[in-house]
Amino acid sequence: MLELLIGIYAGICWLLIKKLKLIPWNFNTQVVVYSLPIFGSIALILSLNYFCPITSDVKVGNRSVDITTQTLGKVKKVYVKTNQEVKKGDTLFTIDPVPYEQEIKSLEAQLSNMKSTVSSYTSDIDASRKNILSLQSQLDLSNKRIKQYQELVAAGAANRFDLEQAIATSQDLQSRISAAQAQKTSLEAKYHSTHNGENASIAELRAKLDQAKWNLSQTVVLAPTDGLIPNVQLNEGAMMAPFKSAFVLIQKQQSIIAFFSQNELETVKEGNEVELALKTAPGKVVKAKLEYVVDATSQGIMNNAGGMLGGNATTSGIPETARQVPETDGKLIAKFVLDENEQPLTVGARGTAVIYSDHIKPLHLIRKVMVRVSSKINYLIPKLH
């Protein structure tokens with residue numbers, strides 16, 4: 001564009017000075033004629049860069065999601081293929097559900113048995129109480145016999161063996177009473193142990209059953225969002241482990257970012273018009289709007305030790321809006337959003353971007369021509385092989 005303006009200027013000078021001879025060709029005229037394009041070009045370039053900033057560092061990116069499963073098992077069937085678009089909720093692949101179905105049946109049987117066991121706790125506790133009373137009566141009788149044998153042995157009317165046998169019987173009854181009381185206490189603890197108003201043993205098995213049902217549901221892996229699956233290498237019969245990535249899903253939502261020098265974005269604001277000339281779309285100018293400028297770089301963020309993070313350091317200290325995009329190496333990031341009538345862009349596309357501020361709008365025409373020339377140049381493939 002600059003070359004075209006200089007050519008037009010040269011033509012006007014030739015017409016006025018050489019052809020029509022309306023202006024004399026002297027020293028003063030020569031100084032003006034040669035100086036004007038130099039200083040004019042400098043002023044034009046500086047004005048364009050300030051009021052219509054341009055950059056060739058544009059990146060189009062889509063967030064990705066690792067498709068994993070939280071269950072262990074063999075892949076039963078794969079429903080997608082490479083470069084396939086999917087909708088949220090579409091089935092991607094399934095894992096053999098048989099082990100999890102068997103686990104559910106086993107837990108359902110255990111839960112049924114536990115309900116029967118808990119319902120019998122009342123009768124078991126009552127039986128234990130009666131058993132303790134019976135044993136206590138036998139112990140009382142045994143203690144009376146011991147006293148009788150002691151009196152008879154002292155009088156010489158009974159042998160000592162009968163006394164020792166009565167004492168052994170009493171001790172055995174005491175042991176049986178202690179065991180019966182322990183059994184009764186255990187049954188009462190199990191019967192009265194509750195969780196959220198339900199017997200604890202039943203609640204535990206019910207929780208295990210719910211977990212088993214959830215595990216079964218995870219054998220069907222669904223697409224978490226709309227997107228594209230660029231590469232599928234998963235095969236039927238492969239073993240999947242929890243949190244092992246099966247493949248990657250590229251989300252539909254795109255992030256279009258551009259990197260500008262720190263002094264280039266003084267005149268722009270959110271909502272300004274943006275034009276993109278991408279290498280993946282030669283000859284086309286893509287319309288967009290400036291969504292926001294990330295007013296932070298990693299070089300200005302201090303870590304806990306008081307030092308600067310630097311260009312390749314972590315972004316843990318950067319605000320949330322800044323952490324949504326990559327490192328800037330000291331440049332400011334501008335994020336764009338496509339106009340509604342624009343089609344999604346190629347993931348990973350690179351190119352040129354221009355932001356048109358609200359100042360000196362006649363400059364927009366010059367910059368628009370430059371962007372369109374740049375888009376046409378994208379047709380050229382300068383390779384020697």
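Throughout, read-outs are computed from the coordinates displayed, never taken from laboratory work. These numbers were taken from a predicted model, which means no experiment stands behind them. In this analysis, Cβ positions are derived from the backbone assuming ideal geometry, glycine residues included, and neighbour counts consider all displayed protein chains.
How large is the helix-only mean residue ellipticity at 222 nm for the chain, computed as the sum of -39500 (n - 2.57) over DSSP H runs with n ≥ 4, divided by its residue count, in deg cm²/dmol to the nearest 500? The helix contribution divided over the chain gives -14500 deg cm²/dmol.
By how many nm would the segment from residue 204 to residue 376 lengthen if fully extended, with 0.36 nm per residue of separation less the alpha-carbon distance? Walk me through the intermediate numbers first.
Working: separation 172, 0.36 × 172 = 61.92 nm, distance 6.95 nm.
This chain segment gains 55.0 nm when fully extended.
By the rule of a C-alpha distance below 20 Å, with chain neighbours fewer than 8 residues away ignored, the lysines paired with residue 130 are 184, 190.
Site pair residue 43 and residue 167 shows an inter-label distance of 12.7 nm when each label is modelled 7 Å from Cα along Cα→Cβ. Phi-derived couplings, Karplus 6.51 cos²θ - 1.76 cosθ + 1.60 at θ = phi - 60°, listed residue by residue for segment 283-292: x, 10, 10, 8, 8, 8, 10, 6, 7, 6 Hz, with x used for Gly and Pro. Stretched out straight at 0.36 nm per residue, the stretch from residue 26 to residue 243 would grow longer than its current Cα-Cα span by 69.9 nm.
Just to confirm a number: summing +1 for Lys and Arg and -1 for Asp and Glu over residues other than residue 186 whose beta-carbon lies under 14 angstrom from that of residue 186, what do you get?
Value of the local net charge: +1.
The angle between the Cα long axis of helix 98-119 and the main principal axis of the chain comes to about 40°, on a 0 to 90 degree scale.
Please compute the contact order of the chain in relative form: average sequence separation of alpha-carbon pairs under 8 Å and at least six residues apart, divided by the residue count, as a percent.
27 percent.
Compared with the dominant principal axis of the Cα atoms in the chain, helix 2-13 is inclined by about 20°. I want the local charge near residue 13. Using Cβ-Cβ distances under 13 Å, sum +1 for each Lys or Arg and -1 for each Asp or Glu among the other residues. In short, +3. Kindly identify segment 1-51 as rounded, prolate or oblate by the Cα gyration tensor criterion: order the square roots of the eigenvalues as a ≥ b ≥ c, call it rounded if a/c is under 1.5, otherwise compare a/b with b/c, prolate if a/b is larger, else oblate. Oblate, since a/c reaches 1.5 and b/c is not below a/b.
Name the shape class, rounded, prolate or oblate, that the alpha-carbon gyration tensor gives for the chain, where a ≥ b ≥ c are the square roots of its eigenvalues, rounded holds for a/c under 1.5, and otherwise prolate holds if a/b is larger than b/c and oblate otherwise. Cα axes put the chain in the prolate bin.
The magnitude of the dipole of the chain, with charges of +1 and -1 set on the Cβ of Lys/Arg and Asp/Glu and taken from the Cα centre, is near 1260 debye.
Here each label is just a point 7 Å from Cα along the line to Cβ, and for residue 68 and residue 101 those points are 2.8 nm apart. A simple spin-label model places the labels of residue 235 and residue 174 7.5 nm from each other, with each point 7 Å out along Cα-to-Cβ.
Candidates 282, 150, 201 compared by Cα position along the dipole of segment 139-285: farthest toward the positive end lies 150, with charges placed on Cβ.
If you take every DSSP beta bridge fully contained in the chain, what fraction is antiparallel? Give it as a percent rounded to 5.
Percent antiparallel among DSSP bridges in the chain is about 100.
Could you pull out the chymotrypsin sites (Phe, Trp or Tyr not before Pro) across segment 32-97 that fall in loop regions by DSSP (anything but H, G, I, E, B) with no more than 10 other Cβ atoms inside 10 Å? Of the chymotrypsin sites (Phe, Trp or Tyr not before Pro), not one in the loops of segment 32-97 has a Cβ with at most 10 other Cβ atoms within 10 Å. For the listed residue pairs 76/244; 77/208; 76/208; 252/335; 88/289, the alpha carbons are over 19 angstrom apart in 77/208; 76/208; 88/289.
Rounded to whole numbers, the Karplus 3J(HN,Hα) couplings from phi for segment 215-232 are 4, 5, 5, 7, 6, 9, 8, 10, 5, x, 7, 5, x, 10, 9, x, 8, 10 Hz, using 6.51 cos²θ - 1.76 cosθ + 1.60 with θ = phi - 60°, and x at Gly and Pro. Return one number: the angle in degrees, 0 to 90 and rounded to the nearest 10, between the long axis of the Cα atoms of helix 121-155 and the longest principal axis of the Cα atoms of the chain. That helix lies at roughly 40 degrees to the long axis.
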